[in-house]
1. What is the average number of partner chain Cβ atoms found within 10 Å of a Cβ in B:327-335?
2. Which entries in the list A:K121/A:K282; A:K162/A:K353; A:K124/A:K371; A:K282/B:K302 go over 25 Å, if you measure between the two C-alpha atoms of each?
3. Over the Cα atoms of region B:14-108, what is the Rg over Rh ratio if Rh follows Kirkwood?
4. Mind listing the long-range amide H neighbours of A:V132? Cut-off is under 5 Å, sequence gap 5 or more, other chains count too, H placed in the peptide plane at 1.01 Å from N.
5. So between B:Q161 and B:R93, what do we pick up on full extension, going 0.36 nm a residue minus the alpha carbon distance?
6. In a solvent-free Debye calculation with one equal scatterer on each Cα, what is log10 I(q)/I(0) for region A:41-159 at q = 0.17, 0.20 Å⁻¹, listed in the order of the q values?
7. For the protein assembly as shown, what proportion of DSSP beta bridges, expressed in % and rounded to the nearest 5, is antiparallel?
8. Treating each Cα of region B:56-119 as an identical point scatterer and ignoring solvent, apply the Debye formula and state log10 I(q)/I(0) at q = 0.26 Å⁻¹.
Amino acid sequence: MLSRDFLKLAGLTIAQRILPPALMNIWAQAADAQAKGRKVILVTFGGGVRTSETFSPAGLRNIPRLAELQPQGFFYQNCLNQGTLSHFNSTASIVTGNWQRVDDFGFEAPASATLFEQFRKAHKAGPLDAWVIATNKSFAAMGASSQTSFGLPFGANVVLPKQLLLDAINDIVKKPDAADVANRDAVHQRLTSLLEEGYEGVGWTIFKGGRQMDKNIRTTLTRALGEFINGPEVPTSGDELTFFITREVMREFAPRLLLVNFWDMDVAHWGSYSLYLQAIAKTDRLTGMLWDEVQANPKYRNQTTVLVLPELGRDGDMNTANGFLNHRSGDPSCRNTWLLALGAGVNKGATDKPIRHIDVAATAASLLSIKPEGMAGSPAREILS
Amino acid sequence: MPTPPRFDFNHVPVTFAAYFVEQIRGWDTLFPAEQNYFERLAAFLEKAPPELFTPLGQLESRMGVNLRTWPRGGFTLEHVDFLNRNQLYPEWRRLVSAIFEYIAPALDAAIESRTRIVIVLSPAELPVGPDRMWTRLTGRRIALAPPDDLSQYLSLLLTGQAQTNMATSLPSLCASARGPHSSWTIEAGDGLHRLATGGTSVSYEKLLPYRQRVMTEIRKIAGQSEVRGPRELGAKLKTLQPKVNEYSSDQVMGEFIRSTLLNGNGTLLFNNTFVEWACVQALRRARPSCLVASFGIRNKVKPFSGLLIFADQEQSTIIPTQADMFGSYVDLEVFYQYIWQEAGKYAEYRDKTAFLFLAEGMDEMFLIAPESFPLPADKVPLDALHVACRKWLAV
């Protein structure tokens, strides 16, 4: 073993001396990719979206980016949520591979090990290799389960951008001169100082990694805030901040496993169909931008699988209390959604064969070369090339 | 005031009985139509074959329902959670639906057959013509002859005369004939309130003091960090009824307003969501003979401060309030459908209801009605339409 390691090291050393630098670079990249393995990004259309407003003939106009990407990946038109139709339990089922029936509002950790814990434990991956970046502010406990053999030591960093945004705006509005809320600089300043005060205050979990690493994380997050506030559009949405933080985390730390939870479309609960449609269009745009980042970022290009799916649907128009506003009826519109798999390791195609939400974690585990413990879901063989 | 029917729920599965026990506990806050329904139901259940409930009883055992997890007569938020999170919840819903499908025809047979009317008004500011209105509905576009003076539109439609004549309105006539809870006006603004006296009147605009008090209370409770989540918040707000000067002393309506604002998603935030949800609840609970709903224009969500959903948006930012015309149009298209569908769920409305969808100033309306609705020929003036509605309701 020792001699093989020595020979490998020697080979690299010699190659550096004899190969042209460009070729050396490609070889190094390939070796690096192989060593680091596949990356997986789970993107959830959190809050819930119906197929009728997305992958239906009438819905495609709301998701132009996903519609354009669909032929490049594998599309499941029946992705079933057979669990509890609350946000926390739905997403927890996706990330654990087991139907979760814990507290609906996130006051309990998932009852079975998350993909993050399985991944970190199996690969002895560091804390910067698994992240949850979630607009839903009740997802603080999404990064690690209550399983004693796993738990927080193997969990993901959890960042809740909207909670930070809410706290900042709340603080500003409480001041006598509420005019500040219209001032981007004032909002930026408050966001930054809240970060300085500590992540715990906004419900985040960021693992300590030494003074330099902590500083690095803080700088990365602060940079994301700057991009969000000073971007070309009026920054109004939690999802946009989620995107900017995700992109900075990808650029700086290149984690191998990421859950990105967009959630603006939960505005449907307010009873405005137009705002719900706008939120879907925004999530589509941000998911497209995330895919663009995967393509542009050499740490992700050609080695990343992106799995996009709604965490649940919403009630159908015909036979429920108030249609798109809610997601508790359990009708097909609420339970049957879709999944789009894109990128490395994914076949092209489409099927009407059902896949369950709990199969997503098992599929991701397979892509990450993990043999997961105690997952009820099965890998989606159709998509794995 | 009638007393609750005496009924022993012990032979009915506990999860089925729970809802009715809870409803009957709040008997004094039920509308006459609801009380009448529960009386019919109680009478039916007393004679119902026991085997009707056998599958549900067996399922309850598999779900883990027992005296410890669910004592008889109990129905709390924890029980709702128990059902929602239970692995067998979809099966439970299916069995409960099957029981209602069995019961419904017998209960519906006792309903008195009367004509009814639902009028849904949209604001003049919607940025589309009649060809793009009401696209989710199945019915007929009818040519109208609106008045030159659009300020007379509502008055001509609802009273048949110009506003200066102070004639009695259709909702008031219906209320006189069939009782105050048989005739409702529900609106975003206060135009109907000014025209229609009598009957039951609900105005989002006129509820402003109560809405502000509720939002202040929510902010206060949330700021005290006593509540862990929406469940606890809901329980705390259960006692926050409107005061007499905020609405009226009518106990039934006070509870209706409270629950519409606090149980209906978004009703505290958006005028049109309130109108839609209040209409749905009125149809479901009070089964009015005449319902006139009037939508408005929703405001745009403000940058940053719009995230603080219970904040007073006028106070929390200097950014001026802007109306969202197109967004309101998109919202209303769905709401027309939901109101129409809701009525269709109840035997009182099936085949006996004329639905009139109008937009102030527009020279067309949309009609869904039995053939016998006495629609005047050609371009219909609003006063003639008013007469047709009165004939239809026989008031």
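Only the coordinates and a few stated rules stand behind these numbers; no lab work does. For clarity, every value in this text was computed on a predicted model and none was experimentally measured. So basically every Cβ, Gly included, is an ideal-geometry build from the backbone, and we count neighbours across all protein chains shown.
1. Numbers: counts 6, 2, 1, 7, 8, 2, 2, 9, 5.
Averaged over the peptide's residues, the number is 5.
2. Values: A:K121/A:K282 35 Å; A:K162/A:K353 36 Å; A:K124/A:K371 14 Å; A:K282/B:K302 17 Å.
A:K121/A:K282; A:K162/A:K353, as the Cα separations exceed 25 Å there.
3. Details: Rg = 13.9 Å, Rh = 14.4 Å.
Taking Rg over the Kirkwood Rh, I get 0.96.
4. Here A:N157, A:V158, A:V159, A:L259 satisfy the definition.
5. Working: separation 68, 0.36 × 68 = 24.48 nm, distance 5.04 nm.
Here the answer is 19.4 nm.
6. -0.89, -1.08
7. Details: 20 of 69 bridges.
That works out to approximately 30 percent antiparallel.
8. For region B:56-119, the Cα-only Debye profile gives -1.16.
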